[in-house]
Amino acid sequence: MTSPVHTLSRKLKILYYGESCSGKTFAAASTFQSKYIDKNRVLYFDNHGSTTALELPKFSNESRHGVLKVSYADSRIIPETIQAVRLANHEGRPPFDAIIIDDVSEHDAADVDKSASSKEDGGGWQFWRDHLTNSRNLFRTAPPDETGAHLIVVARAGRLPDPMAKRNRLKQMDDRPTVIRPSVSGKFGEWLPYQFDFTIWCEALVDELGKLHFMQYLQPIGDIYVKNRWYHLGT
């Protein structure tokens, strides 16, 4: 596994996104094997257990690094941990080289229902709301200059209407006038790609021999994937 982190002298903000089974978590987890980063200084927030099949170190109070599983009921553990990291960095002792958040996309309806029914009187909805709010606030509270660490984020990909299709009659006739971008709702989703130094589209391909290949396409800030081409958000 390879990782693009630490390709520059400064800490980076990187977004991995792609459709199901495209290797997003696999790519993000490669941070633990990067020759530029101490694997004992990586914190991985796993919001939905996607790292279970990978042999990654588990977070413990003793090790203070590794994968930290985050349940709906423990949603505040993310902002509280980040706040502690910020404080340590301001005191000149940054505890991590990289912080990974997997993932920030909206969860499936089944997850919402599960969360909503997790407490009597529907209290699970509060956990659900806090979970999303805390994830989104991370981009305001966990930039590298505040934590001293690379910020690596994973998002699922969604196929959304191509805004340019309204201006182009040829596109209006296309049966797939879609933009593939991180699947996050509202304005937050629209400006999300702008918050990173690089966006990396992940894709799983099977060759003629039936061998599975995980592909990664790296693009600079503001670029997302449209069907089979790249599209700059500013155009």
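The values are calculated or read from the model by the stated rules, or taken from the named source; none is laboratory data. Note that the structure is predicted; figures quoted are calculated from it, not measured. Cβ atoms come from the backbone with ideal geometry, glycine included; neighbour counts cover every protein chain shown. What goes into the accessible areas is simple: the full protein's heavy atoms, side chains included, and nothing from ligands, DNA or RNA. Shrake-Rupley method; radii C 1.70, N 1.55, O 1.52, S 1.80 Å.
Of all residues in segment 199-235, those being modelled with pLDDT of 80 or more and either open to solvent by less than 30 Å² (accessible area, probe 1.4 Å) or in contact with a Lys or Arg (Cβ under 8 Å, 6 or more places away or on another chain) (or both) number 4.
Residues that are under 16 Å from ALA28 (Cβ atoms) and not in a loop (DSSP other than H, G, I, E, B) within segment 59-77 comprise GLY66, VAL67, LEU68, LYS69, listed in sequence order. When segment 26-71 is filtered for residues that are open to solvent by 20 Å² or more (accessible area, probe 1.4 Å) and among the polar types (S, T, N, Q), the ones remaining, listed by number, are GLN33, ASN40, SER50, THR52, SER60, ASN61, SER63, SER71.
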